[in-house]
Amino acid sequence: EFIDNVKKYEPNATNEGLAGILGNFDIESGINPKRAEGDYLNPPIGASEDSWDNPDWLNIGGTEIYNGRYPNILRRGLGLGQWTDTADGAIRHTLLRNFANDNNSKWYYMDLQVNFIFNGDSPYYRQIFREIVTSEDDVENTTRKFLTNWEGNYGDKIESRIWLNLLSVSYFRVIKRN
C-alpha cells in the first residue's frame, strides 16, 4: 500500500530509494501509519481504544513517555516516520495533524500520510524525500541519507535499518522478475 501510494506522487521512485525509506520506517513504526511514540506502553501513556483521536493523548511529550527523559520531545512522534514536535522548533507532529484536519481525514491513514510527505511536510523534508525515493544510489547510502537528513537520528540503529533495506531490495528484485 505504501509503495503504490508513493508511486502516485513520484512515478520515478526506485527500488533503492524505496528500500532506504522502508527500512527506516520499519524501525520507526513497523511501516504502520497508526503508530505513536510509546503506544506500546500501558495506558494512559500507551494506547487504548480511543487514544488515536484524543488530542490530550496525542500531545504527550517525551518526559511523560520516557520517565523524565527526552524533554526535547514536546509532542510524541506519530505515524510512519514518527513525526514529532521538538524543542528545536520542529512541528512535524502538528503539521501532520493539521494536514489531516484540512483534508477531512485521520492522521493515521496511509494515503493521508503519503500525501503529507509530498504536500504537507515542510519543503525541506519534501525535497529530501523526493531525492531519496528517486535515488539510484546503493541501499546503504539511501538508508543513511534518509536516517540523517529526513529522520534526523544520525546513526540510530543503522545496521538494523540497512539489513532491512537489503532485504527489501532483494524482495523488489524478485517481484520485478516475476
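The values are calculated or read from the model by the stated rules, or taken from the named source; none is laboratory data. Everything quoted here is computed from the prediction, not taken from an experiment. Please note: Cβ atoms are built from the backbone with ideal geometry, for glycine as well, and neighbour counts cover all protein chains shown. Just so you know, the surface numbers come from the protein's heavy atoms only, side chains and all, with ligands and any DNA or RNA stripped out. Shrake-Rupley method; radii C 1.70, N 1.55, O 1.52, S 1.80 Å.
Details
- The residues of segment 6-31 that are of a type outside the set (D, E, K, R), at negative phi and not in a helix (DSSP H, G or I), listed by number, are Pro11, Asn12, Ala13, Thr14.
- The numbered conditions (1) out of contact with any His (no Cβ under 9 Å at 6 or more places or on another chain); (2) part of a strand (DSSP E or B) are all true for Arg76 except (1).
- Selection status of Arg69, of a type in the set (Lys, Arg), surrounded by 22 or more Cβ atoms within 10 Å (Cβ to Cβ) and touching a Gly at 6+ places or on another chain (Cβ under 7 Å): no
- Every residue from segment 1-12 that is closer than 15 Å to Ile128 by Cα and either basic (Lys, Arg) or buried (at least 19 other Cβ atoms within 10 Å of the Cβ) (or both): Val6
- For segment 32-47, the set of residues classified as open to solvent by less than 50 Å² (accessible area, probe 1.4 Å) and either part of a loop (DSSP other than H, G, I, E, B) or more than 20 Å from Leu147 (Cα to Cα) (or both) consists of Pro33, Glu37, Gly38, Asp39, Ile45, Gly46, Ala47, listed by residue number.
- With respect to the conditions (1) open to solvent by 30 Å² or more (accessible area, probe 1.4 Å); (2) in contact with a helix residue (DSSP H, G or I) (Cβ under 8 Å, 6 or more places away or on another chain); (3) farther than 17 Å from Ile21 by Cα; (4) not hydroxyl-bearing (Ser, Thr, Tyr), Arg92 lacks only one, and its number is (1).
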